[in-house]
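The block underneath contains the structure these notes are about, expressed in structure tokens.
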Amino acid sequence: MRSVLAVLTVVAAIVAIWYAACLPMNIKGVLTEAERAGAVVSPEGAAARRAMSPWALVARNGFAIPATWEQERPRLPAPHQVAVELWQTTVNKKITSKRSLVYHGWVTLSATLLGFAIGTGLGILLAVGIVHSRVMDMSVMPWAIVSQTIPIIALAPMIIVVLYSVGVQGIIPKAVISAYLSFFPVVVGMVKGLRSPGPMQLDLLKTYFASGGQVFWKLRLPASMPYLFASLKIGIAASLVGAIVGELPTGAVAGLGARLLAGSYYGQTVQIWAALFAAAILAACLVGLLGLIERVTLKRMGMAA
Amino acid sequence: MMLVALAFVLWLLGWWINTRLAEGPVAQTRVVRLAVPLIFGATILLVWELLVRGLQVPLVILPAPSLIAARFMASLPILWQDFVQTFVKGALSGYLIGCSAAFLMAVAVDRSDFLRRGLLPVGNFVAALPIVGTAPILVMWFGFDWQSKAAVVVVMVFFPVLVNTVAGLRETSAMQRDLMETYAASYWQGFFKLRLPAAMPFIFNGLKIATTLALIGAIVAEFFGSPTVGMGFRISTSVGQLALDMVWAEIVVAALAGSLFYGLVALIEKAVTFWHPSQRG
């Protein structure tokens, strides 16, 4: 209960800081508009205001404060503007509409999920191979670890263009990027998990005369579940980032990344923020869903903490 | 066809050598542990080269490693400029600002139990979000030059470092804190002599996560607009010109920069947390 209160306090503080930040960020634009509309602004003339500090402008033009939260194309939109935009483009639009964030979100989500499924599947397979083969372990594992330290996302634009030039487009290139971003965390986490049973447990199965397959299915795989879920959560977040970044370089017409890019081209800041929050909500839902599956699975396996 | 067959043979040969090394009696020595992945990497490169030549894969799909190396050597000045612009100016300055801000914030938050309870879930939540998405906004605010890239990096590294530092500062046990109390240690003495050293493994965990994020942030932010220099800029324009050898050369630079940066932080960690069980050989 106290924690909920504390979290709410922190969130409220962030929102308050956000509203306050709108004042200096937007005041110049607001004053220019007000002057054009005929209001008396001090000091007069945009040139005179340019050199002044934004806070001084706020202090001298108190009447303009509400307007900094209502601008059409603000430098920093106020929280309620973003919330309204989110509501407008999700609930009040048909999901088939090109302006619906549900539609764009689904485009990104489908690529994310497809890529995540591929990346996770391959990652688990490779991890199984690594655990059972010394050669693969010694050859591949160091590279899998090193790959975590390099920004492989830089490959994204190239993958899109290369796949396009061989005739593959649509969901697949984005899914490929998502897949390789989620691949390495899953490999590393899964190898750790499959290795987590101690010598005692392995010896016990040996005294039961268990075959290699039995050791895998009855001991290693169940023991790896907590590790698997931890890396799945990292992997799905990386997959989503991959799908969004995959939409940037080609000028894709649909998807959350495309919304971000279009918004930044046309100065539609509210649209950018709405797309950003949609992506954040999507990521939170995906991670939350995995967390739920983790809880249920571990509980049924009797491993719940 | 000859080359393809040769590639196949070479693959088998490399695998055979590695199998012999890994299952032989010398498998646990340091040299072998280093040699096996290197042989594996070299085999992949050679097979790549032979396959690209043998199947005559066009340059716009996959350039051969030799071509990439040639391009790398030929455009060292450009690559160096891009490296300075993206890594030194964008990523590194953002990394330093972001990590120190997060650290100071964590120290401040740590004094209040209430704030800590509130901030940890929020920080964990934000750390999982696709923060690269803020890049277009920050580019709009700070202009096309490196300042906007540094800003993206600051936002990206802030929360992982914050969460890890806050968690690390809680690491001491009540016994240890009581001991400091009996010594009549002041808050800051207790902080510098007990709690900060105990938090170091956690802090470095956050710092290591942040190294990768910093490079990702700096490169992706350049996709949204940049001056005509920088690794992200070079990648996106070279992709547009189908000069894939240049793209791969930049990726080599990014990989080198990323792993060296990570290695450097890991080295510092080793020196600072030499007492921790995970660092004792």
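Taking the square roots of 5 times each eigenvalue of the Cα gyration tensor of the stretch B:1-155, largest first, gives ellipsoid semi-axes of 45, 26, 15 Å. Comparing Cα centroids, the stretch A:98-128 and the stretch B:154-172 end up 29 angstrom apart. Relative contact order for the stretch A:101-300: 30 percent, from Cα pairs under 8 Å spaced at least 6 residues apart, divided by residue count. Overall dimensions of chain A, expressed as equivalent-ellipsoid semi-axes from the Cα gyration tensor (√(5λ), whole Å, largest first), are 50, 23, 17. Quick check on chain B: helices-only [θ] at 222 nm, where DSSP H runs of length 4 and up contribute -39,500 (n - 2.57) each and the sum goes over total residues. Nearest 500, please. Rounded to the nearest 500, the figure is -24500 deg cm²/dmol. Cα-based values for the stretch A:30-183, radius of gyration first and Dmax second, are 25.9, 79 Å. Output the relative contact order of chain B, whole-number percent, from Cα pairs under 8 angstrom with separation of 6+ residues. It comes to 22 percent, rounded to a whole number.
Mind giving me the FRET efficiency for B:Trp11 and A:Val84? R0 is 41 Å, r the Cβ-Cβ distance, nearest 0.05 is fine.
Values: r = 59 Å, r/R0 = 1.44.
The formula returns an efficiency of 0.10 here.
Assuming charge only on the beta carbon of Lys and Arg (+1) and of Asp and Glu (-1), the dipole of the stretch B:72-279 about its Cα centre is about 400 debye to the nearest 20. If the Kirkwood radius is taken over C-alpha pairs of the stretch A:2-76, then at 10 °C and 1.306 mPa s the Stokes-Einstein diffusion coefficient equals 118 µm²/s.
Where the eigenvalues come from the Cα gyration tensor of the protein assembly as shown, what are the semi-axes √(5λ) of the equivalent ellipsoid, largest first, in whole Å?
Details: eigenvalues 365, 216, 115 Å².
After scaling each eigenvalue by five and taking roots: 43, 33, 24 Å.
Values of log10 I(q)/I(0) for the stretch B:2-57 across q = 0.15, 0.16, 0.18, 0.25 Å⁻¹ run -0.46, -0.51, -0.60, -0.88, by the Debye formula with one identical scatterer at each alpha carbon and no solvent.
Find the relative contact order for the stretch B:2-57 and round it to a whole percent, using C-alpha pairs within less than 8 Å whose residues are 6+ positions apart.
On the way: 34 pairs, mean separation 32.2, N = 56.
58 percent.
Membrane-span-like helices in chain B (whole DSSP H runs, Cα extent of at least 20 Å along the helix axis, mean Kyte-Doolittle hydropathy of at least 0.5): B:2-23, B:30-54, B:93-110, B:113-127, B:146-169, B:196-222, B:244-272. The distance between label points at B:Ala108 and A:Val15 comes to 2.2 nm (points 7 Å beyond Cα on the Cα→Cβ vector). Each part gets one Cα centre, and for the stretch B:208-230 versus the stretch A:37-77 those centres are 33 Å apart.
Just so you know, the averaged projected area of the alpha carbon convex hull for the stretch A:189-305 sits at 9.7 nm². Along its first, second and third principal axes, ordered by size, chain B spans 78, 58, 30 Å in Cα coordinates.
For the residues A:His104, B:His276, what sequence is obtained by ranking on other C-beta atoms within 10 Å, fewest first? Display every interim value, and only then the final one.
Working: A:His104 26, B:His276 15.
Sorted ascending by nearby Cβ count, the order is B:His276, A:His104.
Every number in this text was worked out from the coordinates using simple rules, so none of it is lab data. This one's a predicted model, so the numbers in the text were calculated from it and none came from an experiment. Every residue, glycine as well, gets a Cβ built from its backbone with ideal geometry; the counts of neighbours run over all protein chains shown.
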